[in-house]
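Everything below concerns the one structure shown next.
Coordinate-derived values only; no laboratory data. Just so it is clear, the structure is predicted and the values come from calculations on it, not from any experiment. Neighbour counts run over all protein chains shown; Cβ positions are idealised from the backbone, glycine included.
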Amino acid sequence: MIKFDGVTKRYPDGTVAVDDLNLEIPSGQITVLVGPSGCGKTTSLRMINRMIDPTSGVITIDDEDIRKKDPADLRRGIGYVIQHAGLFPHRTIIDNIATVPYLLGWDKKKARATAMELMERVGLDLKMAKRYPFQLSGGQQQRVGVARALAADPPVMLMDEPFSAVDPIVRKSLQEEFLRLQSEMRKTIAFVTHDIDEAVKLGHRIAVFQVGGVLAQHATPDELLANPAEGFVREFLGGEKGLRRLRFNRELESMPDEDATGEVEAAER
Amino acid sequence: MNLVDQINQAWNWLTTSAHWSGADGIPHRLLEHLGYSVLALAIAALIALPLGALIGHTGRGGFVVVSFANLARAVPTLGLLLLVVTITSIGLTPVIIPLIALAMPPILVNTFEGIRGVDADIKDAAKGMGMRGPGVLMKAEIPIAMPLILLGLRTAAIQVVATATIAAYAGIGGLGRYIVDGLSRKDYPSVVGGSVLVVLLAVAVQLLFIGIRRTFVSQGLRGSSRTS
Amino acid sequence: MTPLADGEPLVRWSWIGDHTDELTTLTLHHLKLALLPILFGLIIAIPLGIMCVRWRWLYPPTLGIANIFYGLPSLALFMLFIPYFGIGSGGQADFTIILPLTLFSLSVLVPNVVDGLRSVPDPVRQAATAMGFGTLRRLVQVELPIAVPVVIAGARVAAVASISLVSVGVLIGNGGLGQLFIDGYSRDFTTPIIVSCVLIVVLALVSDGVLVTAQRLLTPWARTRRSNG
C-alpha cells in the first residue's frame, strides 16, 4: 500500500504543484490519478519513486518511509511506464526488457528467459526479441515498456499516461490486455491519465485532482458516477450529459461478453 | 623560450614604429590581405549563392553538390595554390583563382542545405497563399535559410583569410609575408608578430559575422544547428 | 616559367614508380601528424563535453573558445608553437604540428560531444533514472552509446580537415606529404605536387570511410538518415 501523508510540493517560484495530499493507494489494485493539466497528478506519481522529492509530508510504501532507501535501490523495485516508453534505442528488445534484472545482477540467461516470457504475456511476437526499438510500431513499443517494467516482478507499478500516445484502436486493445495482466498479477498500481473514460474503465479507485494540486474526490468508479462532488468534479466529468455517457458506457462494459476478456472484466467489477 | 618571452617578443615587434610604415608596414599588408580576401569572397559568393539557391529550390543535383563539397574539403589548399602557380605563372590572378575556388564549396553547400531545409509545410503555405516560384524563394525560403547562408559565408571568409595567409609563399602580399619572410630570414619576432596579427584578423572576421547575424537574422530563427 | 609549354606532361608517371619509398615514408608520417590530434582530441573532448552537459554554465564560454579556435588559420597556430617544440621533422618538433591540430580538433569535437549527449531523448534518460541507473552508469551505458553517431560525425570533419592542414606544415619543414609541394614548386615540376595532393585527398576519403564504417558497426541500432557528411 502506498500512502501520502500531508504531502506538499512547492517550487521556488511559488507554484504549488501538490497541496497537502492525503491519499491511500490500496495494495493489489489500480488507482487512477486523473485531472486536467497542472493538477499535480504526474508530480504526485513521480514523488513515489523519488524522481521528485516533496517539500513537506511523508510518503510510505507498506509503512516504510521511502526516504529510508537509496533512491536508485528504491527505483529498482518499482516498475515505471511512461508515455513514450523511453526504450533504449541502442539495445535490442530483449535486452531492453531485461534492463532491471541486469541491474540487479541476475544471471544473464535467467534474465533473458524471463524477458522472453514477458514478451509472450504482453502479446509480443517472440521474433522481435533481437530487433531494435526503431523497428517497432508505437503500440508494440508501449508493450515493450510494460514488459520492461514487469521484468523484475516489482510489487508496485507507476504508469504515467502509458497509452496516450497511440491511436484509439491500439489504445483499446492495450487497455484490455493490461486489465487481463493485472487480474493475473495483482500489482499495486498508480496510473495517471487525463482521460476520464480511461480512468473509469481501468480504475478500481479514482482520485480526481484539480488545478493547484488539490485532491477533489477519491472514490470507486461507481461511487464517483453516482455522486460526483459538486463544482469541479461534476464539470470535469462532463456535467449531466457527460455523466450519462459515462454511466451508459460503464453498463455496456459490464455486460457479460462472449470471449474470455469480457468475462474477466465483468468479474473484475 | 617561455610564454612570457614570446609575448614580450611579439609585443616589441608590434609596437616598433618602423613596422607601421611603408610597403612592408602593417597597415599596407593588412589592406592587401583584406583586399585579396574581400575580392575572392565576393566573387565566390556571386557564383555560389545563386547556384546554391537554385539547386536548393529545385532540389535537383543536391547529392552532387554535397559530395563535391565534401571532396573539396579534403583538398590541401597550399598544394592547389602552388600547382596553379606552377602551371601558369607567379602573380595575383593565379593566386586569386584558387582562393575563389576554395571559398565556393562552403557557400554552395550551406546555401543549398539552408534552402532545401526549409520546412515543406512553409513552402506549401506560401504557394497556397498565391506566391509563385521566385516569390516563394525570395520571401520565404531565403529569409528562413539566412542562418545557414550566413554560416556558409562565414566559413568561406575564414577559409579565404587563412589561405591568403599561406598564399604569401606563392609571392603575393598580405600578412602572410611576415611569416614567410620571417621564416626564411630566421626573424622569429616577425613570424610571431605576423601570426598574432593573422589571429587578430581571424577573430575580427568572426566577430563581424556574429554582428551581421544579429542584424540580419530574424529573432524567431535564432538557435540553428552547425553544418559543415 | 610554364613547364607545360616545354612539353612536360602534368604527371610524369615514372616518377611515382621511382619514389615509392619516399612516398610511403611521407604518407605514414603524414598520418601520424594528422591522426594523433584526433585521438588526443577525443580523449580530452569526451570528459570535457560531459562536464559541459553536467554544468550548463560551462558550455557558452567553452563553445565561444571552440568557435574562435575553429576559425584560426592553422599556419599562424603552428608558428606560435615553434618556440616550444622547434622546427623540422621528427621527435619533439612533431608537436609543433600535433598540438595546434589537437586544439583544432577539440574545437570540433567538444560541441559534437555536447550535442550528442543532448540528443539522448528525454524519455530515455527519465526511464533510465526511474529504473534505478545511477548517474555514472547511465552516462556510460545509455547516454554515451547513444551519442556515438554525433561524435563520430565530428571526428570525420576533424579528420578530413586535419589531414589537409598537416600539409601546411611544410613551411616549417614538417608537412608530411606536403613536402612534395615545395619540392615540385621549387623545381617547376608539377608531378610531385599533383601526386601528393591526390594522395592527401585519398587519405582523407579513406579516413572518412573508416570512421563511417566504425559508426555503422558500433551502432547497429541507428537508422541511416542522409548519407552525406
Inset, instruction - For the protein assembly as shown, report the translational diffusion coefficient in µm²/s to the nearest whole number, using Stokes-Einstein at 25 °C, 0.890 mPa s, and a Kirkwood Rh over Cα pairs. - result: 81 µm²/s
Legend entry - For C:G88, distant residues with modelled amide H under 5 Å away: C:N174
Inset, instruction - Quick one: what are the phi-derived ³J(HN,Hα) couplings along region C:21-26, Karplus 6.51/-1.76/1.60 with θ = phi - 60°, whole Hz, x for glycine and proline? - result: 4, 4, 4, 4, 4, 4
Inset, instruction - Can you pull the one-decimal nm distance between simple spin-label points at C:R56 and B:H28, each 7 Å off the Cα toward Cβ? - result: 5.4 nm
Legend entry - Euclidean distance between Cα centres, region C:17-95 to region A:97-117, Å: 44 Å
Legend entry - Residue of A:P154, A:P89, A:P221 that the Gaussian network model of chain A assigns the largest fluctuation, springs spanning Cα pairs under 10 Å: A:P89
Legend entry - Equivalent ellipsoid dimensions for region B:36-90 as semi-axes, Å, which come from the Cα gyration tensor, largest first: 26, 16, 9
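Over chain A, what is the mean sequence separation of C-alpha contacts under 8 Å (at least six apart), divided by residue count, expressed as relative contact order in percent?
So the answer I get is 25 percent.
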Legend entry - Compactness of region B:58-101 - radius of gyration and Dmax, Cα, Å: 13.5, 41
Legend entry - In Hz, Karplus ³J(HN,Hα) per residue of region B:46-58 (6.51, -1.76, 1.60; θ = phi - 60°; x = Gly, Pro): 4, 8, 7, 5, x, 4, x, 5, 5, 5, x, 5, 7
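Could you grab the relative contact order for chain C? Cα pairs under 8 Å, six or more apart, rounded to a whole percent.
Values: 256 pairs, mean separation 57.9, N = 229.
For chain C, the relative contact order is 25 percent.
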Legend entry - Gaussian network model of chain C, springs between alpha carbon atoms under 10 Å - residue of C:I44, C:I65, C:I97 with greatest fluctuation: C:I65
Inset, instruction - Calculate one ³J(HN,Hα) per residue across region C:203-218 by plugging θ = phi - 60° into the Karplus curve 6.51 cos²θ - 1.76 cosθ + 1.60, and present them in order as whole Hz with x for glycine and proline. - result: 4, 5, 5, 5, 4, 4, x, 4, 5, 4, 4, 4, 5, 4, 6, 6
Legend entry - Virtual spin-label span in nm between A:E253 and C:I43, 7 Å along Cα→Cβ: 6.2 nm
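Once a ≥ b ≥ c are taken as the square roots of the eigenvalues of the Cα gyration tensor of chain A, is the result rounded (a/c under 1.5), prolate (a/b larger than b/c) or oblate (a/b not larger than b/c)? Present the calculation step by step, with values, prior to reporting the outcome.
Values: a/c = 1.88, a/b = 1.20, b/c = 1.57.
Note, shape of chain A comes out oblate.
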Inset, instruction - Using a Gaussian network model of chain B whose springs link C-alpha atoms within less than 10 Å, name the residue from B:G135, B:G173, B:G193 with the highest mean-square fluctuation. - result: B:G135
Legend entry - Fraction of antiparallel bridges per DSSP, the protein assembly as shown only, in percent to nearest 5: 50 percent
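Give me D for chain B in µm² s⁻¹, whole number, from Stokes-Einstein with Rh from the Kirkwood sum over alpha-carbon pairs, 4 °C and 1.567 mPa s.
Working: Rh = 19.4 Å.
Stokes-Einstein gives a translational diffusion coefficient of 67 µm²/s.
Count the DSSP beta bridges whose two residues both fall in chain A, then state the antiparallel fraction as a percent rounded to the nearest 5. If you can, show how the numbers build up before the last one.
Values: 18 of 36 bridges.
Roughly 50 percent of the DSSP beta bridges within chain A come out antiparallel.
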Inset, instruction - Quote the relative contact order of region B:3-219 in percent (integer), defining contacts as alpha-carbon pairs under 8 Å separated by 6+ residues. - result: 27 percent
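Looking at region C:26-220, I'd like the Rg to Rh ratio, where Rg is from alpha-carbon atoms and Rh is Kirkwood's inverse mean 1/r.
On the way: Rg = 19.2 Å, Rh = 18.0 Å.
Ratio of gyration radius to Kirkwood radius: 1.06.
With n ≥ 4 as the cut-off for DSSP H runs, can you work out [θ] at 222 nm for chain A, using -39500 (n - 2.57) per run divided by the number of residues, rounded to the nearest 500? Before the final figure, lay out the partial values.
Values: 12 runs with 111 residues, N = 269.
Mean residue ellipticity, 222 nm, calculated: -12000 deg cm²/dmol.
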Legend entry - Cα centroid of region B:54-81 to Cα centroid of region A:10-59, whole Å: 56 Å
